[in-house]
Amino acid sequence: MPEESWQFFYECKNCKTVLKPKQGDCCVYCSSGTVPCRSNKDIQNVANFVIPMNKEIDKKLKARNIKPTAMRELVLQVLTDQPTAISLPELEQKFEKADKATLYRTLKTFQEYRLIHAIEDGTGSVKYALCEDTCSCNPDDLHLHFLCTKCGKTYCLVDTPIKRPDLPEGFEFDNANFVVKGSCSNCLA
Ligand SMILES: [Zn+2]
Ligand SMILES: [Zn+2]
Ligand SMILES: [Zn+2]
């Protein structure tokens, strides 16, 4: 990846706001106009977040009618990079300096707008995974999840949808949570 395609974010230590460079600027210091951008190395020492500029991330947010903010972009980037589901504590570890309430709200917003779905895999903490572009989080979009008992990672098995069960008369199907357990290919390799 060429160096120019990296963007530098900065989180204010007092108000916890994540500052984002203006379009066309490489870093928040260029955008603020107060501190000149000297070299990428200098910025790297002070910036809290370095992520690749990714138009796809913005597109994904907009496709779900979510207003792109720096924090939302960063969280979505993490979720996109991750092949498995992530729990709030795991996400907090990746954003050590970010406000925990903001992280939680970001996940809730994503869930509300069907960008991610929640998984209860029996490990005690709810995990979140990206939805497929076509997912509306309806009963017909439900799929199996796989919990690796060796590494503790949870995978979406989107190719294995959950069939609607036959229910007694007068009952209505709303949601299901099927977790298959075993060893993932990484752990067996
Ligand atoms: Zn979904
Ligand atoms: Zn595993
Ligand atoms: Zn899933």
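Descriptive notes on the structure:
- Surrounding net charge for Tyr113, when Lys and Arg each add one and Asp and Glu each subtract one, Cβ distance under 15 Å: +3
- For region 40-188: rounded, prolate or oblate by the Cα gyration tensor [a/c cutoff 1.5]: prolate
- Across Lys55/Lys108; Lys97/Lys181; Lys100/Lys150, pairs whose alpha-carbon gap is larger than 32 Å: Lys97/Lys181
- Those aspartates and glutamates that a straight Cα-Cα span of less than 15 Å connects to Lys20, excepting residues fewer than 8 apart in one chain: Glu11, Asp58, Glu73
- Using a Förster distance of 41 Å, the FRET efficiency for Cys187-Lys67 (Cβ separation, nearest 0.05): 0.55
- Neighbour counts of other Cβ atoms within 10 Å put Ser87, Ser136 in the fewest-to-most order Ser136, Ser87.
- About its Cα centre, region 40-188 has a charge dipole of approximately 560 debye under the convention of +1 per Lys or Arg Cβ and -1 per Asp or Glu Cβ, with nothing else charged.
Read-outs throughout are calculated quantities, based only on the coordinates presented, and are distinct from any laboratory measurement. Because the structure is predicted, anything quoted here is derived from the model rather than measured. For neighbour counting, all protein chains shown are included, and Cβ atoms are generated from backbone atoms with ideal geometry for every residue, glycine included.
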